[in-house]
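The values are calculated or read from the model by the stated rules, or taken from the named source; none is laboratory data. Worth saying up front: this structure is predicted, and the values here are computed from it rather than measured. Virtual Cβ from ideal backbone geometry, glycine too; neighbours counted across all protein chains shown. Note: accessible area is taken over every heavy atom of the protein model, side chains too, but ligands, DNA and RNA are not part of it. Shrake-Rupley method; radii C 1.70, N 1.55, O 1.52, S 1.80 Å.
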Amino acid sequence: MKYGIIGFGCAGYYAAKTIRANDKDGEIVVYSDHNAAPYNPMLTTYYVAEKIPYEALFPFGSMEKIKDELNLTVHTGTKVARVKAAEKEIVLTDGTSEKFDKILVATGARAFAPKVDGMDPADAFYMRTLDDAVKLHEALKEHEYKSALVVGASMVGIKVVELLNKKGIDTTLADMAPRIFPLAAYESVSAEIERRIAEKGVKFAFGKALTRAEKTRTGYSCIMTDGSRIEADLVVLCIGTRAITELVDKDEVKVNRGIVVDDRMMTSADGIYAAGDCCEGTELQSGSNMIIGLWANAAHQGTTAGANMAGAKAEFDGNFLHNITHFMDMDFIGFGDNRKTGKVITSGNIESGLYVEAVLDETGLVGVNILDNYRISGAVKNYLYRIMEKGTAKVSPIQRGILIKEGLRPSFIEKMEGRYNG
């Protein structure tokens, strides 16, 4: 059996590892558009902040080590032009091609930011790839920046704000959204996070987009949609990502925002699989297809794809929206779709110590925000998962013990197990 893997990040690595575990003799050919080993994009900000060394970006070790362990043929620095699904053929940009029995598309996502009028693209900084991290790390070593504008109030954006703030750079966080973490945090939690960040000297420009930039002696004068100006020596764009799907033909493979897969990670084309940030799997809360850009999700999808490609039987039910992050001396955890409404219950003091805000509708618990205690995140996540899996659930004795030990009142846990009937 001959396997082709396009993209060698988390999903691609776990797929290759699982194929090899199930097929000792099959030929596995990997195409990677960069020369580095698989790395974790979520660690790039830690590297720029010098919290971890460069080598720590590569959780599976060097490319040579991986190639030897898994017996892979790896083409690094190689760009794939397209996948011919019907022929199971991978075509490179230089025109060469190769046919396979099974193909995995694990191309991930790229940073998305519209071109800013007046700004040379080479002067803009992003935070997604290894090259992005190296570029910003070197720039911060070489220049004495006094001011910065970070565009994008995302989990990545706030980590960039944190590292710039710690370097003493006067930093402004901007976003078209009216508040921080609009897709993950409830309004009260957003307001508290903003209060704490502002106390550290960070400024906000919410409800505004960057439309134009004028070159100054030290950087840029950034003109926002409301006409206001923000002076910045450094501009970092963390607006979002887009799935890399253009390698497949939409007439052959179903594509929405991402490549659509089933619970075996098979696309609509026989023998063509997809995994990671380039694909849409099942989002458990809504039951619809959705890109869930999480490292653990990519690992599960890659493992599932690899098993099925090699002839084993594996299914991945899906995942649900969640974020767990630590920044500026606080923990924020968001589970579920924060657009869902219902009865709001809270526990703790939002300004200090453990605070939990939960929403219940007629189906039960649909969303949770947690401030300042990551230790309860596993218990809450598992409970929510069981609700989505079975339609109803009670907190297990072990989970209840963890929650109570960490400061949640038994009465709050009982409310969390209930439903809202209006």
Note to self: Can you tell me which residue is nearest to F8 (Cα to Cα) among those in the stretch 129-164 that are assigned to a loop (DSSP other than H, G, I, E, B) and under 23 Å from the mean Cα position of the chain (by Cα)?
What the structure shows: T129
Next item on the list: Restricting attention to the stretch 225-239, report how many residues are in contact with a helix residue (DSSP H, G or I) (Cβ under 9 Å, 6 or more places away or on another chain) and part of a loop (DSSP other than H, G, I, E, B).
Entry: 2
Check: Taking into account only those residues within the stretch 341-360 that are over 27 Å from the mean Cα position of the chain (by Cα) and open to solvent by less than 30 Å² (accessible area, probe 1.4 Å), which is nearest to P410 (Cα to Cα)?
Finding: S347
Note to self: Looking at G302, G348 in this structure, which one is in contact with a Cys (Cβ under 8 Å, 6 or more places away or on another chain), outside any loop (DSSP other than H, G, I, E, B) and touching a residue at least 40 places away in the same chain (Cβ under 8 Å)?
What the structure shows: G302
Next item on the list: Please state which one of N338, N323 is surrounded by 19 or more Cβ atoms within 10 Å (Cβ to Cβ) and either polar (S, T, N, Q) or more than 28 Å from the chain's Cα centre (by Cα) (or both).
Entry: N338
Next item on the list: Tell me which residues, restricted to the stretch 165-224, are open to solvent by less than 10 Å² (accessible area, probe 1.4 Å), free of Cβ contacts under 8 Å to residues at least 40 places away in the same chain and part of a loop (DSSP other than H, G, I, E, B).
Entry: I180
Check: Are any residues in the stretch 413-422 open to solvent by 40 Å² or more (accessible area, probe 1.4 Å) and in a helix (DSSP H, G or I), and if so, which ones?
Finding: E414, K415
Next item on the list: Select from the stretch 389-412 the residues that are of a type in the set (A, V, I, L, M, F, W, C) and closer than 18 Å to N349 by Cβ and write down the one among them that is surrounded by the fewest Cβ atoms within 10 Å (Cβ to Cβ).
Entry: I404
Notebook entry, point to check: Can you name the residue in the stretch 75-113 that is more than 24 Å from the chain's Cα centre (by Cα) and small (G, A, S) and is also nearest to P41 (Cα to Cα) among such residues?
Noted result: A81
Notebook entry, point to check: If the Cβ limit is 7 Å and pairs must be 6+ apart or interchain, which residue in the stretch 42-66 that is within 20 Å of G108 (Cα to Cα) pairs with which residue that is open to solvent by 50 Å² or more (accessible area, probe 1.4 Å) and at pLDDT below 95?
Noted result: M42/W295
Next item on the list: Grab the helices (runs of 4 or more DSSP H) fully contained in the stretch 1-75, keeping just those with 1 or more residues being closer than 26 Å to T96 by Cα.
Entry: 10-22, 63-70
